[in-house]
1. About its Cα centre, how strong a charge dipole does the range 275-389 have in debye, to the nearest 20, once Lys and Arg get +1 and Asp and Glu get -1 at the Cβ?
2. Let's test the formula: R0 of 35 Å, r as the Cβ-Cβ distance of residue 342 and residue 62. What FRET efficiency results, to the nearest 0.05?
3. With every protein chain left in place and a probe of 1.4 Å, what is the accessible surface of residue 508, to the nearest 10 Å²?
4. I'd like the FRET efficiency for residue 357 and residue 444, computed as 1/(1 + (r/R0)^6) with the beta carbon distance as r and R0 of 35 Å, rounded to 0.05.
5. Roughly how many whole Å is it from the C-alpha centroid of the range 373-407 to that of the range 87-142?
6. Please go through the residue pairs 386/543; 224/345; 126/285; 386/408; 161/408; 112/290 and name each one whose alpha carbons sit more than 31 Å apart in this structure.
7. Report the residues of the range 157-181 in range of a label on residue 266: point 7 Å along Cα→C-beta, backbone N strictly under 19 Å from it.
8. Dipole magnitude of the range 167-313 about its Cα centre, charges +1 at Lys/Arg Cβ and -1 at Asp/Glu Cβ only, in debye to the nearest 20?
Amino acid sequence: MFRSALGTTRRVRFGFLLPAIALLFWLVYIVNLFLFRLVFGSHNHVSPNEIVQPPTWVDRGDISDLDMRPSEGADMMTAILLNWSRLDSLKEIVDHLCPYSMFKEIMIWNNKVDIHLEEKVFACPKVRVFNSPNNMFFVARYMACAMASSPYCYFQDDDWKIFYLRSMYANFLRFPQFLHTDTNSDVWALTNWRWCFFEDDINMHACFSWLGTGAMATRDSVVKFLKQASVTEMDPLEFAYGDMYFSTYLNQVPYQLENYLKELVDPAQDTAAFSKGADGKTRNKLYMHKAAQRVWDALTRKDPHFEREELHPTYLERDVRSPCADDRCLVISNKHPFPDVRMFKYRPYIDIEEIETIHTEYENPTPYILHPFSKAVDGLDDTSYKSTRPIAQGDYIGLDMLLQVERKVEYRLLHQMGDQWIKNARLEVAGSDVVYRAIPFTYNCKDLRNPDYSGQISIDVQRAFLNQPLDNRVFDASELEKHGYGGDDDGHGKKPIMSYYADYGWRTQCKFVVHEPLGFRFMRLVSGRDERYPFVIYDIGWKVI
């Protein structure tokens, strides 16, 4: 018995109905595979050069004679796009994806059966259009990927523009065993904290993640998912809503990057949005819950179709966080925003709404949502990444340059972490083998004032605050008087409440140079001791000198 999205209860006779459904979808798959090969099999492919011009606000030095983006993995991925009713947005997305050399083809699956799309509508020679005989909903993504000739597939919806494909692909090539997804900090806090399902006793280690804002997966994992769908007792609507199942069925935490997203359609005016309104969100969580329940059941029965081993690096071992603003690097850090999610044991009778409440009451993700990792590499000096916990010895922050760099690179760290942190840090670099080694370095630091700050806090007061434990530190009268602050009308010293999550106008800028004759790919600054304050980083940038 299943409860439908409309709230009514329906009985499904699995013994008879499901084999018939599985056979029907298998026949559709075979027919579509034949048609796909017939349409796609004999086209020549081109790989235009990628656009490498960075945003104007990011200074990378003179790189006019350098290609600072890797070319590895060309023609190994098929972009899968679904069409329903946003043709103008789809054209813009195709124009954006076409120059990337990673894409062998851009396959557009047209679910709108009353509209016949043609390739000539799109100004890209990589485009192949498949007009589906039926609306296959979201499972069409996976059917299209299974039919592709490339080993990897890229998915996204037709209402988003994804800017950080090269950096995500560089990390995907390092760890192709994991689904890679791309989202903003708000959703990242959901999919890495409140929408995770762990139970060590049955080897359950899954998290739900959206695919619509950019995702990369192996074709093999997609084919495996289709097989899982055929052997589990899935309702026909569950199968159609495959997006709510795919990431959870993998039973591996997706490798998710967090960054800015551009929405091409105004949500308030978008009548075609699948998740629009309270009803859409309720339906999504219903099927998300069913997916977790099915994985729980399969692992309890030790179903061989479901992965039991947790692959490495586990989510606690990973350190790649966010792409840089110009898609030329990734920020890396071993500082996790949230506690170990394994403390919560998944139980199939607890629904998604209650899981969200339990996690949020234990730790509210708002501080991370407001100050995520991406704010350290967005090229803007008035936004910042702030860790949710004090710095511990061995915590690090750094960059993956995406490829081996043999040029002299100057790094700039703009931070608000007192004046002692970098003195106790060590600089480490590594090549593509990710074997780190410490190297000597010299740095030049100076204090900078944010010209937009109009408060009265002096740098001496800020430094005194930064040497205190991580809390809302209240300065007493004598401390303020020592730094030149007068009293109030009653003659008592003022006691402003200061917080690490506020901007008092002062930053410390430190610059240092790395030049390794044999090249390096990874750079990180490692804390040499426990500190009483968190990471507060406004920018970690680089340029060739």
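1. Working: 19 positive and 20 negative charges, 70 e Å.
Taking the Cα centre of the range 275-389 as origin, the dipole is about 340 debye.
2. Working: r = 48 Å, r/R0 = 1.37.
Between residue 342 and residue 62 the formula returns 0.15.
3. 20 Å²
4. Computed FRET efficiency for residue 357 and residue 444: 0.10.
5. Each part reduced to its Cα centre gives a spacing of 36 Å.
6. On the way: 386/543 23 Å; 224/345 26 Å; 126/285 36 Å; 386/408 29 Å; 161/408 33 Å; 112/290 27 Å.
Among 386/543; 224/345; 126/285; 386/408; 161/408; 112/290, the Cα-Cα distance tops 31 Å for 126/285; 161/408.
7. 159-161, by backbone N distance to the label point.
8. Here the range 167-313 has a charge dipole of around 160 debye.
The values are calculated or read from the model by the stated rules, or taken from the named source; none is laboratory data. Please read all numbers here as calculations on a predicted model, not as lab measurements. Reconstructed Cβ throughout: ideal geometry from the backbone, glycine too, with neighbour counts over all protein chains shown. Just so you know, the surface numbers come from the protein's heavy atoms only, side chains and all, with ligands and any DNA or RNA stripped out. Shrake-Rupley method; radii C 1.70, N 1.55, O 1.52, S 1.80 Å.
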